[in-house]
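**Student:** Supplied in structure tokens, the structure appears directly below.
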Amino acid sequence: MKKGMLIGALLSGLLLVAAGQNTRELVIFPFGMGSNVQAPEDFNLNAELMNALYAQLKEIPGLYVMRFKETNPAVRRALDENRLRRDRLNPPFNVKEADGTWRSARIGQILGVNYVLAGSIEEFRYDPTTKRATLTVSLDLVQVSDGTVVVSLAESGQGRLGESGDPNTAYVAAIADVVQKVGTALRERLTPPPPAEPTQTRRSPSRRQEGAAFSLFGLLILVGIRLVGF
């Protein structure tokens with residue numbers, strides 16, 4: 001058992017070396033509801049919007065996306081230690097506290113993430129005459145480390161009733177329209193730039209580092225093989 005655990009640790013170490021330490025983390029918060037929102041009874045607008053954003057943003061390279069959950073251990077610990085008030089766990093999250101800090105960024109610090117995305121659903125309605133759903137959202141992407149707003153935007157989308165005759169298809173289409181626009185704007189800001197072309201003077205150290213990495217890889221594999229042989 002100990003040999004297996006050791007080999008597993010070695011392989012995990014190799015995976016960490018390969019993955020690097022450049023992954024950033026982003027949390028999506030539930031949306032607040034504006035006065036012009038006509039939320040349908042049998043359609044969870046907030047959850048559907050969050051899920052659609054999650055699916056869109058998780059495709060950005062080097063970005064790990066999470067949906068906010070009150071059951072997160074770090075949040076529960078902050079509540080128990082009175083570092084976070086329970087009423088701060090209700091939307092809207094894109095509001096500023098008395099000290100000028102964003103509520104989303106304050107919770108983001110507790111969660112240890114790089115970015116937080118919070119906003120409000122400003123409008124949602126369905127016109128049975130035109131069979132068209134309209135959705136408008138406002139969003140703020142905040143960098144947790146210094147509380148700066150990286151992107152602030154408002155987008156609207158529309159969707160029409162499908163052949164099934166179920167209004168939910170119009171709701172989903174409106175959400176997809178908005179999320180596509182939001183995703184495009186955020187992808188421009190969050191996609192890491194391509195690596196700079198190394199200069200001639202930097203190639204030798206880079207090759208030495210690559211050689212050291214391959215040597216380490218070979219050594220770890222050799223140790224693993226010998227452990228298996230015992």
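The values are calculated or read from the model by the stated rules, or taken from the named source; none is laboratory data. Nothing here was measured: the structure is a model prediction, and the numbers come from that model. No Cβ is skipped: glycine too gets one built from the backbone with ideal geometry, and neighbour counts run over all protein chains shown.
**Student:** What tally of residues in region 54-104 results from selecting those that are assigned to a loop (DSSP other than H, G, I, E, B) and of a type in the set (Lys, Arg)? Break it down stepwise before answering.
**Tutor:** Within region 54-104, the first condition is being assigned to a loop (DSSP other than H, G, I, E, B), and the residues that meet it are 58-62, 68-72, 81-85, 90-95, 97-101.
Now restrict to residues that are of a type in the set (Lys, Arg): 58, 69, 83, 85.
Final tally of qualifying residues: 4.
**Student:** Another question about this same structure. Would region 197-207 turn up any residue that is under 24 Å from residue 62 (Cα atoms) and modelled with pLDDT of 90 or more?
**Tutor:** Within region 197-207, not a single residue is under 24 Å from residue 62 (Cα atoms) and modelled with pLDDT of 90 or more.
**Student:** Taking region 56-94 only, how many residues are in contact (Cβ under 8 Å) with a residue 60 or more places away in the chain and among the aliphatic types (A, V, I, L, M)?
**Tutor:** Here the count works out to 3.
**Student:** Restricting attention to region 129-156, which residues are more than 11 Å from residue 178 (Cβ to Cβ) and either β-branched (Val, Ile, Thr) or without any contact (Cβ under 8 Å) to a residue 12 or more places away in the chain (or both)?
**Tutor:** 129, 130, 142, 144, 146, 148, 149, 150, 151 - these are the residues of region 129-156 that are more than 11 Å from residue 178 (Cβ to Cβ) and either β-branched (Val, Ile, Thr) or without any contact (Cβ under 8 Å) to a residue 12 or more places away in the chain (or both).
**Student:** Still on this structure: Return yes when residue 113 is assigned to a loop (DSSP other than H, G, I, E, B), at pLDDT 95 or above, among the β-branched types (Val, Ile, Thr) and farther than 30 Å from residue 167 by Cα and no when it is not.
**Tutor:** Numbers: assigned to a loop (DSSP other than H, G, I, E, B): yes; at pLDDT 95 or above: yes; among the β-branched types (Val, Ile, Thr): yes; farther than 30 Å from residue 167 by Cα: yes.
For residue 113, the condition - assigned to a loop (DSSP other than H, G, I, E, B), at pLDDT 95 or above, among the β-branched types (Val, Ile, Thr) and farther than 30 Å from residue 167 by Cα - is met.
**Student:** In addition: Out of 78, 74, 105, 98, report the one residue that is assigned by TED's automatic domain parsing to the domain that holds residue 54 and under 12 Å from residue 28 (Cα atoms). Even if it seems obvious, please write down each step before you answer.
**Tutor:** On the way: 78 fails: under 12 Å from residue 28 (Cα atoms); 74 fails: under 12 Å from residue 28 (Cα atoms); 98 fails: under 12 Å from residue 28 (Cα atoms).
The unique qualifying residue is 105.
**Student:** Then there's this: Out of region 152-171, which residues are crowded, with 17+ Cβ neighbours inside 10 Å, in contact with a helix residue (DSSP H, G or I) (Cβ under 7 Å, 6 or more places away or on another chain) and of a type in the set (A, V, I, L, M)?
**Tutor:** Once the filter is applied, which keeps residues that are crowded, with 17+ Cβ neighbours inside 10 Å, in contact with a helix residue (DSSP H, G or I) (Cβ under 7 Å, 6 or more places away or on another chain) and of a type in the set (A, V, I, L, M), region 152-171 yields only 161.
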